[in-house]
Structures are given as C-alpha cells and as structure tokens.
Amino acid sequence: MGSWRFVVSQMTFLLVLIFAANTPLLAQQSQDFVGKSADKIIAIVGRNRIILQSELEMQIAQARQQDPDFDETTYRCFALQSMIQQKMQMEQADRDSVNVSEEDVEGQLDNRLRYFVQLYGSKEKLEQVSGKTIYQLKEEYRDVIKDQMVAEKVANQVLENVKITPAEIEAFYKKIPVDSLPFFPATVEVGQIVIDPPVSKEMDDYAHTKIEDLRKQIIAGERSFEALAGFYSEDPGSRDNGGRYDGVTRTGPWVQEFVTATFKLQNGEISPIVKTKFGYHIIQMISRRGDEADIRHILIKPTVTTADFNIATAKLDSVRNLLISGKMAFPEAVGKFSTDEGAKRTGGMIADPSTGSTDLDMTKLDPVMVLLLDTMKQGGFSAPHIFVNEQREKSCRIVYLRERTTPHKANLKEDYGKIQEVALAQKKQLKMVNWVTTKVPTFYLWITPEFRICDGMKDWVVEAAKP
C-alpha cells in the first residue's frame with residue numbers, strides 16, 4: 001500500500017472509471033463482447049443494483065488500450081471491487097437522499113461529449129464511430145452519468161475533512177523504496193498573455209456587408225442555405241457539412257450570443273445577423289427538441305491585416321516592459337490585458353487539459369513552444385510574436401517561463417506538490433476503504449463465486465452475509 005506505483009495505478013484506474021469508461025469505442029467493445037458470449041450478472045448490491053460481465057469487460061478493454069502488458073488478473077479484481085464500491089455509494093445516496101440536479105447532469109454530459117468530439121476530431125466522426133447521434137448518446141448515458149455524479153458526491157462527503165500534514169508527506173516519501181521512485185521527465189510551468197489583433201472598421205464593415213448579401217440571397221430563394229454555407233462559411237467545423245450542427249444546447253460550447261439567437265428561431269426560420277467574438281453569423285433552425293436544436297449556420301470573419309497584428313504586438317511589447325521592470329505582476333497583467341477569457345481564470349498559466357496540472361511534460365509540448373522555451377531563462381518573458389491558437393486562428397502573445405525542471409528521480413525538494421497529491425490520495429483511499437468496511441454489513445451483497453477469491457472482496461462477502 002505504501003508503494004508509489006500501487007497508489008498511482010489505483011488513482012489512474014479511478015479516473016478511468018469516472019471519466020473514460022463510457023467512450024463510444026468502449027461501448028462498441030461491450031456490444032461485441034455481448035454478441036460473442038451470453039452476458040451475465042457478476043455482482044449485486046442492495047438487491048437491485050447489478051453489475052454485468054460486459055461492464056467489467058469495458059473497464060478491462062480501457063486498461064488494455066492504455067497498457068497492453070498490464071496484469072489482467074489483478075486488474076480484473078480491482079476493477080470489479082471499484083465498481084461494487086461505486087454501487088455502495090449509490091445505495092448510501094438513496095439512504096441519505098443525496099441527489100444531483102438535472103442541470104448539473106446536462107452540463108457534465110456536454111463536457112464529456114465536447115471532450116470526445118475533440119478526441120475524434122469532429123462531431124461527425126464521433127457519430128460515425130459510435131453509430132449514434134449526439135442526442136442519442138446523451139440520452140443513452142444520462143442515467144450512467146447521473147449515477148456516477150451521485151456516487152462521487154457521496155465520496156466527497158466522506159472525504160471532505162481528510163487533510164495531510166507535512167510530517168505525513170515526509171513519512172509517506174520515506175516509505176517508498178528507492179527503486180520504486182518514479183523518474184520525472186523535464187517539465188515546465190508556462191504562462192502566456194494573449195492579445196487578439198483588433199479588426200479595422202473597414203474589414204468589419206466588409207464582412208458585415210458580405211454576410212448581409214448572403215442572407216438576402218437565402219431569403220429571396222435564390223440560393224439554398226446549405227449551398228452558400230459550403231461555398232462561403234469560414235467555420236471549418238461545419239462548412240463541409242453544409243453549415244450543419246446537430247444537438248446544439250444552451251449549455252454546450254457555444255458563445256452566448258449564438259445560443260440566444262438560435263433558441264429564438266422556429267423551424268425553418270433564418271436569424272438576423274448575429275455578431276460574436278468569432279465574426280458574423282446567420283443561423284437556420286432545422287428542428288428543435290426542447291433545449292436541443294439541429295441548425296445550419298454561416299460564419300464570415302472580418303479579415304485581420306498586417307497592420308492589425310502590428311497593433312497587437314506593439315501593445316504586448318508595452319506589457320512586456322511593465323513585467324520586466326517589475327511594475328506589474330504577471331497575473332495582474334493577464335487580468336488587465338489578455339483577450340483570452342479562459343487564461344484569466346488560470347492566471348495565464350497553461351494547464352494540461354487531461355489532468356489540470358500546470359507542470360507540463362516537455363516531450364508533450366508543441367515543437368514551436370519547445371523551441372521558444374529552449375532560449376528562455378526561468379522567470380523570463382519572450383518577445384511578442386504571432387502564434388496559432390487552439391481554434392487554429394492566428395493571434396499574438398508573450399510567453400512567461402515560471403519554472404523549469406530537469407529529468408530526475410522524485411524527491412521532496414523538487415516534487416513536493418506531486419508527492420503531496422499522491423500521499424493525500426492514499427490517505428483518502430484508506431478512508432474510503434474504512435468507510436466501505438463499516439458499510440458492507442449493512443448492504444445486501446452478492447458476488448459470483450469466481451470473484452470471491454479476490455483480495456478484499458472475500459471479507460466483503462463474509463461481512464455482508466452476517467445478520
């Protein structure tokens with residue numbers, strides 16, 4: 001239990017259960033499993049919460065994708081144990097009347113689907129792989145996500161007062177065998193201040209006139225919305241599909257002006273011209289199901305000229321001088337000058353989207369960023385420059401290198417925060433083990449005989465069988 005690898009592997013698995021187990025690919029693998037052999041119940045918690053063999057196979061498939069050489073026998077036991085624990089938390093939620101709102105569930109569904117759209121490259125590819133529309137995926141996994149959120153809420157209540165002291169962190173580190181200490185690659189903590197180049201009035205007026213003309217052609221019946229979107233729209237995510245987006249929601253990854261205009265429309269209606277930070281839009285409502293809509297849209301972006309980029313880089317140069325002279329701190333400059341709203345929430349620091357950590361593995365960074373950082377000193381600021389952002393648009397920024405580490409074995413001096421996270425995770429894990437141990441006798445629990453030999457679950461079955 002004191003091993004770093006053991007704790008980290010269990011943390012990783014729990015993250016898989018919570019965030020990755022319901023990918024369309026795994027759902028298809030589960031269906032394939034059911035098609036090849038008769039599915040069966042392998043565990044029951046509280047009389048009516050069942051776990052199927054196919055659900056376990058989904059977890060094993062995910063683990064195999066991440067590490068083809070993993071120990072499947074040990075992992076299979078741990079996977080089922082974690083799934084049973086989640087069912088226990090759900091049973092406890094029923095007893096304690098713990099629930100989550102439908103709005104929170106909807107938001108979580110949107111976040112998951114947004115992640116998978118990015119993972120597969122487009123909404124259309126996701127629908128092709130899964131064989132289902134976005135709407136069908138949401139409905140299929142709504143109850144699953146809700147159950148996960150309820151179970152997580154119970155766990156959070158159990159663990160909310162678990163803290164760890166510096167002495168406990170040091171003791172945890174000293175118990176790790178030297179040959180079990182992980183080797184960390186070079187990492188950096190990097191921030192950036194982004195200023196989008198301003199659009200000149202002439203280019204803005206030209207874009208407005210262009211989309212106004214397109215709208216007139218559609219209203220007059222001269223050209224179809226779909227054809228004009230394919231020819232003229234500057235939205236790469238929908239242009240090749242005639243401007244179509246299915247499953248637009250009020251809580252999805254859509255800017256507010258776009259959402260507001262969309263849900264004012266009736267089926268077949270064309271919106272007035274809508275301005276957002278991306279440019280000018282016109283929207284056509286195809287069909288609407290409550291707070292979800294299938295639409296087409298055309299986006300025309302005002303052209304950004306060289307002069308506009310020069311204005312942005314000149315402003316960034318002034319900001320850089322304030323930072324170098326110490327007249328302004330980096331987080332303050334981000335809040336005052338950055339046009340990236342997301343950066344303002346993180347103080348300008350770039351985080352790994354999969355972990356939320358600001359410690360970035362140098363081997364996973366964009367080669368352009370690596371080359372830039374190679375010439376920078378710790379605590380330094382780059383010269384203003386043009387870069388391509390996550391939306392594949394050109395913008396301007398300066399980069400701040402807050403900290404850099406070299407490849408090394410884990411140690412308290414350089415990796416205190418990471419060691420603290422793992423030590424706290426182990427303490428929380430032990431707290432949950434104790435919670436389960438005290439709750440098992442109060443639940444009905446049946447586990448198929450082939451899994452009763454698993455460490456930990458042997459005691460569960462005996463305790464649950466007591467009157």
Can you tell me which residues in region 171-197 are in contact with a helix residue (DSSP H, G or I) (Cβ under 7 Å, 6 or more places away or on another chain) and farther than 29 Å from Leu365 by Cβ?
-> Phe172
Filter region 236-251 for residues that are surrounded by 19 or more Cβ atoms within 10 Å (Cβ to Cβ) and not basic (Lys, Arg); the one that is nearest to Glu390 (Cα to Cα) is Ser238
If Ala261 passes every condition in (1) surrounded by fewer than 19 Cβ atoms within 10 Å (Cβ to Cβ); (2) free of Cβ contacts under 8 Å to residues at least 24 places away in the same chain; (3) assigned to a helix (DSSP H, G or I); (4) not acidic (Asp, Glu) but one, which one does it miss?
-> (1)
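Quick grid of which residues meet (1) of a type in the set (S, T, N, Q); (2) under 30 Å from His408 (Cα atoms):
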site: Ala307; (1), (2): no, no
site: Leu316; (1), (2): no, no
site: Leu322; (1), (2): no, no
site: Ala333; (1), (2): no, no
site: Asp352; (1), (2): no, yes
site: Thr358; (1), (2): yes, yes
site: Met362; (1), (2): no, yes
site: Ser382; (1), (2): yes, yes
Boolean, Gln85 is part of a helix (DSSP H, G or I) and modelled with pLDDT under 90 | no
Failed item, numbered, when Ile42 is tested on (1) modelled with pLDDT of 50 or more; (2) under 25 Å from the mean Cα position of the chain (by Cα); (3) of a type outside the set (D, E, K, R); (4) buried (at least 18 other Cβ atoms within 10 Å of the Cβ) = (2)
Residue list for region 148-195, restricted to those being in a helix (DSSP H, G or I), surrounded by 14 or more Cβ atoms within 10 Å (Cβ to Cβ) and among the hydrophobic types (A, V, I, L, M, F, W, C) | Met149, Val150, Ala151, Val154, Ala155, Val158, Leu159, Ile169, Phe172
For residues that are farther than 30 Å from Thr442 by Cβ, in a helix (DSSP H, G or I) and not acidic (Asp, Glu), tally how many sit in region 46-72.
-> 6
All conditions in (1) hydrophobic (A, V, I, L, M, F, W, C); (2) surrounded by fewer than 17 Cβ atoms within 10 Å (Cβ to Cβ); (3) within 26 Å of Leu119 (Cα to Cα) are true of Ala383 except (3)
Based on what the data block shows, is Ile311 under 28 Å from Asp340 (Cα atoms) and touching a helix residue (DSSP H, G or I) at 6+ places or on another chain (Cβ under 7 Å)?
-> no
Looking only at region 433-462, which residues are within 35 Å of the chain's Cα centre (by Cα), at pLDDT below 85 and either farther than 28 Å from Val162 by Cα or surrounded by 13 or more Cβ atoms within 10 Å (Cβ to Cβ) (or both)?
-> Gly456, Met457, Trp460
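The values are calculated or read from the model by the stated rules, or taken from the named source; none is laboratory data. None of the values given here were measured: they were computed from a predicted structure. Cβ atoms come from the backbone with ideal geometry, glycine included; neighbour counts cover every protein chain shown.
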